[in-house]
Amino acid sequence: MPPLRIAVIDNDPALLQAVEVELRSGGYQVLCLQEGTTAVEQLPVFKPQLIFLNASFPKIVGKILGERLRSVADLRQSKIVPFSAHVPGAARHAAAALDADDFLDSPCAPAAFLAKAQALLGGQVGVRFWGTRGSIAAPSAQTVRYGGNTSCVEILLPGHDELLVIDAGTGLRVLGNAKLAERKEWHGHIFISHTHWDHIQGLPFFTPWYLPGNSFTLVSTDQNELPLEKVIAGQMISAYFPVDFERLGADIAFKKLTEGDHTINRLRVETLLANHPNVTLMFKFHLAGRRIVYATDNELQWPNEKGVDPMAAHRARMVAFFRGADLLIHDAQYTDDEYRSKRGWGHSTWREALDIAIRSEVKQLVFFHHDPDHSDEMLDRISAECGEDLEKRGIKLPVCLAKEGEKVLLETSPHP
Ligand SMILES: [Zn+2]
Ligand SMILES: [Zn+2]
């Protein structure tokens with residue numbers, strides 16, 4: 001799905017730039033124009049779904065522009081929203097004159113443009129994969145396409161200026177560098193499913209947390225008798241790492257969760273324990289009306305050959321937790337053959353992940369936590385086998401394998 005397009009027409013370059021930055025953060029493609037007459041030529045090419053138009057253009061220009069825009073077939077569906085940054089009431093009057101869809105009156109900060117766009121067009125929420133690998137980083141010529149970095153996923157929530165990250169495997173290093181290329185100051189929450197190496201090893205290499213003024217909250221759970229903060233700081237003692245945890249420049253806080261329904265930084269997050277050899281949380285994020293479930297390092301463990309099924313009750317709770325999710329990101333580390341010798345290691349086969357996704361009636365499934373020994377070709381084969389299996393069974397469920405650097409975006413509905 002290509003990004004939705006928005007044009008902004010104004011003569012103030014500073015305001016145009018600020019609004020452009022804000023709208024881009026919402027995942028929109030933006031065209032800024034300074035001249036009403038040029039706009040008439042450029043808009044049919046850009047084909048915006050929404051046009052913000054300065055209401056303080058002389059009325060007649062606004063009216064002519066409005067009429068001409070509406071006479072161009074490609075733009076007849078475009079929503080037109082006059083705005084006024086300085087003159088209260090001007091946008092309301094212009095909206096009436098232009099028969100516009102809405103208006104944005106003074107004072108209108110850049111964030112108001114984003115909120116209005118989301119209200120009229122809807123938007124996108126989703127995830128970006130910075131690390132997709134399980135167990136240990138596996139960079140090689142054979143893992144270029146699906147990626148070699150370990151678990152790290154960024155939540156993409158338009159209008160949310162803080163970082164939202166799930167798991168801090170080696171992918172976190174790449175994420176941190178990319179963010180610092182944008183700006184130095186960052187605040188955010190890093191949700192950690194559990195503290196096995198492949199989920200925390202990126203933390204000491206996460207450059208934003210060496211910078212004073214930044215702040216991050218690690219959201220996770222104690223590891224049985226070991227407090228979370230002790231485990232995190234423990235991987236930075238001198239035997240393992242040259243810089244002590246105490247010397248980090250950013251403010252680091254810890255928030256501990258148990259199973260339940262939580263609100264963290266205005267975000268609703270539900271948690272359920274996974275089936276894994278230590279305490280591991282699965283997260284369900286409620287984002288703009290969409291539900292995204294992150295469930296890695298989770299052994300679904302169907303009944304054994306003798307029909308014994310000690311996981312039945314726990315698995316039923318998982319089905320209820322996953323039920324109807326818009327996106328399920330699930331551990332799919334093994335093939336059936338591999339699982340036979342790795343039962344009890346805390347991971348699922350891709351077939352098990354597929355089956356629970358079908359039973360839970362999720363709308364989209366992503367296989368995650370790829371085995372370090374699985375090459376790109378092998379993962380392609382799994383993808384093809386999965387597609388054939390679904391076709392044979394007549395099931396229409398979009399399934400893909402997580403690829404490092406790629407995003408999965410979900411459309412959100414416009415507000416009523
Ligand atoms: Zn893992
Ligand atoms: Zn693990």
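Highlighted here are the strands (runs of 3 or more DSSP E) found entirely within segment 154-273 that include at least 1 residues which are under 17 Å from the mean Cα position of the chain (by Cα), at pLDDT 95 or above and not assigned by TED's automatic domain parsing to the domain that holds ALA112: 163-166, 187-191, 215-220, 267-273. Restricting the first member to segment 129-144 and to residues that are at positive phi, and the second to residues that are at pLDDT 95 or above, the beta-carbon pairs closer than 6 Å and six or more apart or on different chains are SER135/ASP198; SER135/PRO372.
Step by step: first the residues of segment 129-156, then only those that are surrounded by fewer than 24 Cβ atoms within 10 Å (Cβ to Cβ) and of a type in the set (Ser, Thr, Tyr), then the one that is nearest to LYS342 (Cα to Cα). Which residue is that? Among those residues, the one meeting the criterion is SER135. Looking across MET311, MET318, one residue alone is assigned by TED's automatic domain parsing to the domain that holds LYS407, away from ligand 1 (no atom under 14 Å from the Cβ), among the hydrophobic types (A, V, I, L, M, F, W, C) and farther than 26 Å from VAL219 by Cβ. It is MET311. Just one residue in the set ASN298, ASN275 is in contact with a strand residue (DSSP E or B) (Cβ under 6 Å, 6 or more places away or on another chain), under 23 Å from MET318 (Cβ atoms) and within 16 Å of ligand 1 (Cβ to nearest atom); that residue is ASN298. Can you tell me which of ARG393, ARG343 is modelled with pLDDT of 95 or more, more than 16 Å from ligand 1 (Cβ to nearest atom) and more than 26 Å from the chain's Cα centre (by Cα)? Exactly one of ARG393, ARG343 is modelled with pLDDT of 95 or more, more than 16 Å from ligand 1 (Cβ to nearest atom) and more than 26 Å from the chain's Cα centre (by Cα), namely ARG393. The residues of segment 295-337 that are surrounded by 15 or more Cβ atoms within 10 Å (Cβ to Cβ), away from ligand 2 (no atom under 16 Å from the Cβ) and of a type in the set (Asp, Glu) amount to a single one, ASP326. Looking only at residues of segment 138-152 that are in a loop (DSSP other than H, G, I, E, B) and in contact with a helix residue (DSSP H, G or I) (Cβ under 8 Å, 6 or more places away or on another chain), we find that the one that is nearest to PRO277 (Cα to Cα) is SER151. Per this entry, ARG351 is counted among residues that are part of a helix (DSSP H, G or I), away from ligand 2 (no atom under 16 Å from the Cβ) and basic (Lys, Arg).
The values are calculated or read from the model by the stated rules, or taken from the named source; none is laboratory data. Values in this document were obtained by computation on a predicted structure and should not be read as measured data. Using ideal geometry, Cβ is built from the backbone for each residue, glycine included, and neighbour counts are taken over all protein chains shown.
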